[in-house]
Amino acid sequence: MGGDALNRRRFLNFLAASPLLASGEALAQELQRLPDPSVWGPRTFDKLITSPREALDVFDFELVAHKNLPPAHFGYMASGVDDEVTLRANREDFQKFQLRPRRLVDVGKIDTRMELFGETYGSPIVIAPTGSNRAFHEDGELAVSRAAKAGNHLSMLSTVATASIEDAIAARGRPVWFQLYPSDKWEVAEALAKRAEKAGAGAIVITVDVLARQNWETLYRLMRQDTRDCSACHQRSMQSFVQRKPNFDGIDLVGFNTTAHSTLTWEFVKRLRGTVKTRLLVKGLITTEDAKLAVDNGLDGIVVSNHGGRVDDSGRSTIDALPEIVEAVGGRLPVIVDSGFRRGTDIVKALAMGARAVAIGRPYLWGLWAFGQPGVERVLGLLQGELRAVMMQMGAPSLQDLTPALVRRA
């Protein structure tokens, strides 16, 4: 709650003790000016959680991260693009959809197991790929992988992770999916994909939405508040950046300039399909037209994503795009969705619309910074607990019972 709301609370306390308010009329007038519903249990920076178990929801971890992370590191994680319309839409657009709970259904046992490509996981909540996790905790992606193991979650590893695909798989104890930035040099992308396949990655997820240099205003403004000398870790060239990332070890980077690929077309996907036998998914689609092309080009799956609002400011949320993509695919391949998921109700809405799984990113980074692996485990546990509770309320004892009839556009 902001300063205005806190001032109103102090004013109410003053009014309650005032002899001028025997009738209570002024108090009633002030109450009419408060938001409805009023927030009586505000989050404040002077009373942050001190252990993972104290968290009531995933947002409690965000406050700890905001207070304790260096400004530049927090800005890197939190930033959207330009006006951050897409960043906000990813949260606000969940309100466009309502759930339709069914009653008198036996929900004494809830089954959240999710099957995908012959593998079974304990939850449809997936670890989305995020880069440079050691900026948030010294154990980085290995702590995240171990937390995924504890809750039996599918995990994806970023191309620019601060842990190798081999080490992430070892920490997870089963195959991890590898997120691939195509890059502007085919030989680099090919080497990354072959390394992931050799390591035993369960799938390669090609990210296709990073094309232009992003205007991360929040990051750049917070960098100005950071008093540290960042030049030791952050060099100007992309080549020097990726040289510090384990997945690039041993790869010839001569001629490589960027992990983005401004001339990327479906021909790249076809070429990669002829290079590796691992399952291929494409991440970053938000339109019917591209979903149909993914099917036509023999992809094994789609990740509906706008990169958490970090790559463009189109204003289109993934939850809004999801129904038309599911319809276009027509069950011919599985659809996963990410960007903006923070609550069990968010997850249930997506699953009811036809998503096979939901991937989260920023929330587990909040937990990672705050408390390391236990923080990540608590974030996943909170979301899993909310998911189970919402499934019970919906009269859906299993994921298969979450059908389109249980959700509607408001």
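Structure values in brief
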read-out: Estimated FRET transfer efficiency when R0 is 45 angstrom, pair Leu104-Arg332 (beta carbons, to 0.05); value: 0.80
read-out: DSSP-defined antiparallel bridges as percent of all bridges, the chain, nearest 5; value: 20
read-out: Amide H contacts of Leu180 (H built 1.01 Å from N, under 5 Å, at least 5 apart or other chain); value: Val205, Ile206, Thr207
read-out: Most to least packed among 249-257, 400-408 [average Cβ atoms within 10 Å]; value: 400-408, 249-257
read-out: Fraction of accessible area attributable to carbon and sulfur, region 317-393 (%, probe 1.4 Å); value: 49
read-out: Under-5 Å amide H pairs with Val126, H placed in peptide plane, nonlocal only; value: Val358, Ala359, Ile360
read-out: Region 138-181 - percent of accessible surface contributed by carbon and sulfur, probe 1.4 Å; value: 47
read-out: The chain: most fluctuating residue of Asp296, Asp167, Asp82 per GNM, C-alpha cutoff 10 Å; value: Asp296
read-out: Candidates Glu141, Glu377, Glu119: whichever shows maximal mean-square fluctuation once the chain is modelled as a Gaussian network with Cα springs under 10 Å; value: Glu119
read-out: Euclidean distance of C-alpha centroids, region 228-304 and region 131-171, integer Å; value: 18
read-out: Residue (of Thr227, Val188, Pro101) at the positive-pole extreme of region 99-240, dipole from beta-carbon charges; value: Pro101
read-out: Surface share of carbon and sulfur [accessible, 1.4 angstrom probe, percent] for region 237-293; value: 51
read-out: Per-residue HN-Hα couplings for region 334-347 [Karplus 6.51, -1.76, 1.60; θ = phi - 60°; Hz; x = Gly/Pro]; value: x, 10, 10, 9, 9, 5, x, 7, 9, 9, x, 5, 4, 5
read-out: Ranked packing of 368-375, 95-102, most packed first, by mean Cβ within 10 Å; value: 368-375, 95-102
read-out: Gaussian network model of the chain, springs between alpha carbon atoms under 10 Å - residue of Asn133, Asn215, Asn306 with greatest fluctuation; value: Asn215
read-out: Only Lys, Arg (+1) and Asp, Glu (-1) charged, at Cβ; the chain dipole about Cα centre in debye; value: 560
read-out: Table column - 3J(HN,Hα) (Hz), region 167-175, Karplus curve with 6.51, -1.76, 1.60, x for Gly and Pro; value: 5, 5, 5, 5, 5, 6, x, 6, x
read-out: Size of electric dipole in region 254-410: Cβ of Lys, Arg +1 and of Asp, Glu -1, about Cα centre, debye, nearest 20; value: 280
read-out: Accessible area per residue, Å², the chain with all protein chains present, probe 1.4 Å; value: 47
read-out: ³J(HN,Hα) computed for each position of region 39-52 - Karplus, 6.51 cos²θ - 1.76 cosθ + 1.60, integer Hz, glycine/proline x; value: 9, 9, x, x, 7, 9, 6, 8, 9, 7, 5, 10, 8, x
read-out: Given charges at Cβ of Lys, Arg, Asp, Glu: the chain dipole, positive-most of Thr44, Trp216, Gly122; value: Gly122
read-out: Cα centre as origin, Lys/Arg/Asp/Glu Cβ charges: region 202-283 dipole, Debye; value: 240
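The values are calculated or read from the model by the stated rules, or taken from the named source; none is laboratory data. Bear in mind the structure is a predicted one, so any value in this text is a computation, not a measurement. In this analysis, Cβ positions are derived from the backbone assuming ideal geometry, glycine residues included, and neighbour counts consider all displayed protein chains. In case anyone asks, the SASA skips ligands and DNA or RNA and just uses the protein heavy atoms, side chains included. Shrake-Rupley method; radii C 1.70, N 1.55, O 1.52, S 1.80 Å.
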